[in-house]
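Some notes on the structure that comes next.
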Ligand SMILES: *Cc1c(COP(=O)(O)O)cnc(C)c1O
């Protein structure tokens, strides 16, 4: 067990994605049409998604074959390495063994292209010419721009105006990969024009950008919409992470005791954890599974479990999930990718069933963990990823006290090369820890009082 870096050959790239749905103790609650309160019919999603992805969204198949064209693109950076964080272990003086799955080695620098590539492929195959999407800080927009370029699709990104102005470098990535990027709200859509008429100085929000991208897709025959997290098919595509990690751990004869990931919409966490959770559900593995979120946007730890809109504008179907209310606007922490009012319904269901344990941290202790990681293991984590690192370090410190030699494995979702301004603020001691925004969350949850509840009350 001397390895520092456990790699797989290209031949060992997974051939199928892992579908958790048929393995769950109870079937997932269906998304509802907000006007009728009835389960959404597949044809209602057809104006914005290709048939293949709609089928994957509701598929009962335990394995879904990864098309060879997608695997060909995955091979540009996959399989990704699993590292043993020996320097970090030494710095912590812990008897625990810490491993991390390194998704930062993809061209856009995160796990996001695992689904962007699959979505671009299926849309291309369905005869679609262009994909429209929204992006906050730009991680999803850059991943989709990269994927569209490889499959010869056009890509239109509605980027929240404040990020468009303050975080120019991910916009540069999108331009390099050939996407058009607009600061949202724009004059290009009805939704954007309405906002601008009310407030010409609007700096935008993710909710507004989603509305613009969905409208763009719904009003153009040759254009579909693409989402970077939350939905079942997105989580499915990310399971290459966990499937590879399982093989890598088996190679060195390790069994995880603790599995950790950060959660924004839940896709990197689910992609990493679901194959292991399947083993837990079948009694083949005993492990703790920890989902880490920011204390300023504590969806899983403080939200309520109810139907809510996936977006701020109320255009999406209603999803059963832990939510802080779709009108809740989280404080502007640096981990922009974790600022989402809800979470993937599949992740929420497993939290509800007690299989996933959620945990929340403020941003300063996360940056402290990120710095220790960068100074021991060398890689600079994305602020989102630092939440997973904080939890891994805390678990390793518990082992130091108890003397237990646990195996801790976490997902390293992305690097922080475009988040250096956040590190500068932290190093200058200027980073704020926001209070838990109790009043604002209460107000947003009030609005959900009349939304449907899940009848069986799981
Ligand atoms: C987008 C992003 C996240 C959060 O999104 P999930 O869907 O919860 O994975 C986490 N880490 C990085 C690096 C991201 O880019």
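Laid out as a table, the results:
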{"read-out": "Mean Cβ count within 10 Å, highest first, over the residues of peptides 382-389, 272-279", "value": "382-389, 272-279"}
{"read-out": "Tensor-based shape of the range 404-458 (alpha-carbon gyration tensor, a/c under 1.5 rounded, otherwise prolate or oblate)", "value": "oblate"}
{"read-out": "Burial ordering of 174, 159, 58, fewest other beta-carbon atoms within 10 Å first", "value": "58, 174, 159"}
{"read-out": "Ordering of 88-98, 64-74 by burial proxy (mean other Cβ atoms within 10 Å per residue, highest first)", "value": "88-98, 64-74"}
{"read-out": "Proxy reagent accessibility, fewest Cβ within 10 Å first, across 52, 110", "value": "52, 110"}
{"read-out": "For the range 397-423 and the range 309-332, distance of Cα centres in Å", "value": "29"}
{"read-out": "Global geometry of the range 105-219, whether rounded, prolate or oblate, following the gyration tensor of its Cα atoms and the 1.5 cut on a/c", "value": "oblate"}
{"read-out": "Alpha-carbon centroid distance for the pair the range 6-24 / the range 221-240, whole angstrom", "value": "17"}
{"read-out": "Within the chain, helix-based [θ] at 222 nm, where runs of 4 or more DSSP H residues each add -39,500 (n - 2.57), nearest 500", "value": "-11500 deg cm²/dmol"}
{"read-out": "Full-stretch length increase - residue 424, residue 376 - with 0.36 nm per residue and alpha-carbon distance subtracted", "value": "15.4 nm"}
{"read-out": "Sequence of 263, 234 once ranked by neighbouring C-beta atoms within 10 Å, starting from the fewest", "value": "234, 263"}
{"read-out": "Burial ranking of peptide ranges 365-376, 246-257 (average Cβ count within 10 Å, highest at the top)", "value": "365-376, 246-257"}
{"read-out": "C-alpha long axis of helix 139-151 to longest principal axis of the chain, angle in °", "value": "80"}
{"read-out": "Mean separation of Cα contacts under 8 Å, 6 or more apart, over the residue count of the chain: relative contact order %", "value": "18"}
{"read-out": "Length-normalised contact order for the range 274-361 - Cα pairs under 8 Å, 6+ apart - percent", "value": "35"}
{"read-out": "Percent of beta bridges antiparallel (DSSP, the chain, rounded to nearest 5)", "value": "35"}
{"read-out": "Rounded tilt (10° steps) of 385-402 against the dominant C-alpha axis of the chain", "value": "30"}
{"read-out": "Relative contact order for the range 256-404, counting Cα pairs under 8 Å that sit 6 or more residues apart, in percent", "value": "25"}
{"read-out": "Using a Förster distance of 45 Å, the FRET efficiency for residue 438-residue 221 (Cβ separation, nearest 0.05)", "value": "0.45"}
{"read-out": "Gyration tensor (alpha-carbon) shape descriptor, the chain, a/c threshold 1.5", "value": "rounded"}
{"read-out": "Principal-axis tilt of helix 240-251 within the chain, Cα atoms, nearest 10 degrees", "value": "10"}
{"read-out": "Chain lengthening between residue 404 and residue 61 when straightened (0.36 nm per residue, less Cα-Cα)", "value": "119.6 nm"}
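Read-outs throughout are calculated quantities, based only on the coordinates presented, and are distinct from any laboratory measurement. All figures in this text were calculated on a predicted structure; none of them were measured in a lab. Ideal geometry is used to build each Cβ from the backbone, glycine not excepted, and the neighbour counts take in all protein chains shown.
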